[in-house]
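The values are calculated or read from the model by the stated rules, or taken from the named source; none is laboratory data. These numbers come from a predicted model, not from an experiment. Reconstructed Cβ throughout: ideal geometry from the backbone, glycine too, with neighbour counts over all protein chains shown.
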Amino acid sequence: MKKMVIAALLMGASSMAMAEAPGGPNCGWGNMLFKGQSGMIPHFAASITNGTSGNATFGMTSGTNGCSTNGTLTYGGAPMIGMAGVLDEFIADAANGNGEAMNAVAVSMGISQADREVFAQVVHQNFNTIFPTANVTADQVNANLVNVMKADTRLAKYVS
């Protein structure tokens, strides 16, 4: 079960976790080749061009190809907690103070190995704040979890 939960979470995350304009909105040869075009096909082609040639990565490290790492990356996808039905398992793990789903959520949020025990303790101690009702939604859980983490000095660095 552990491997299934983690695999489902990471597969879902990898298909949706696309930051907006990595390296900047003009980064890479793909953006140069498809400049001014819109829609799925030009975006997909630009992404493939940048990814297969590695020019966006080179551009970000060298400051060339229209790339910059000065901007802030954003994410407009769905909260990770609702992925692949992990919410129910996360609720159970939060009540217990540890578990596979708890660890999977921590990994998906980028929490370092050194802080995962603290994460589990904070989630467990704030169970009623994070899960205020029996029919709480994934969006509500995500917002409550972010607020709880912001209030913790060690976990605040993982949320914006």
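Looking at the range 46-68, I want the residues that are under 9 Å from W29 (Cα atoms) and have a partner that is in a helix (DSSP H, G or I) and of a type in the set (A, V, I, L, M, F, W, C) with Cβ atoms under 6 Å, at least 6 apart or on another chain. Which pairs are those?
T49/W29; N50/A56; N55/W29
Do the conditions hold for G82, that is, is it touching a helix residue (DSSP H, G or I) at 6+ places or on another chain (Cβ under 8 Å), at pLDDT below 85 and either on the phi < 0 side of the Ramachandran plot or in a loop (DSSP other than H, G, I, E, B) (or both)?
Taking the combined requirement at face value, the residue satisfies it.
If a residue must be farther than 15 Å from S108 by Cα and in a helix (DSSP H, G or I), how many such residues does the range 142-160 contain?
Number of matching residues: 6.
Matching residues to (1) out of contact with any Asp or Glu (no Cβ under 8 Å at 6 or more places or on another chain); (2) within 18 Å of L87 (Cβ to Cβ); (3) of a type in the set (S, T, N, Q); (4) modelled with pLDDT of 95 or more:
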site: V107; (1), (2), (3), (4): yes, yes, no, no
site: Q113; (1), (2), (3), (4): yes, no, yes, no
site: N126; (1), (2), (3), (4): yes, yes, yes, yes
site: V141; (1), (2), (3), (4): yes, yes, no, no
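Quick check on this structure: which one of A101, A143, A94, A106 is surrounded by fewer than 19 Cβ atoms within 10 Å (Cβ to Cβ) and of a type outside the set (S, T, Y)?
When all the criteria are applied, what remains is A143.
Just checking, which of F58, F90 is closer than 27 Å to Q125 by Cβ and at pLDDT 80 or above?
One residue alone meets the criteria, F90.
Which residue is nearest to A94 (Cα to Cα), if the candidates are limited to the range 105-141 and must be hydroxyl-bearing (S, T, Y) and in a helix (DSSP H, G or I)?
The qualifying residue nearest to A94 (Cα to Cα) is T129.
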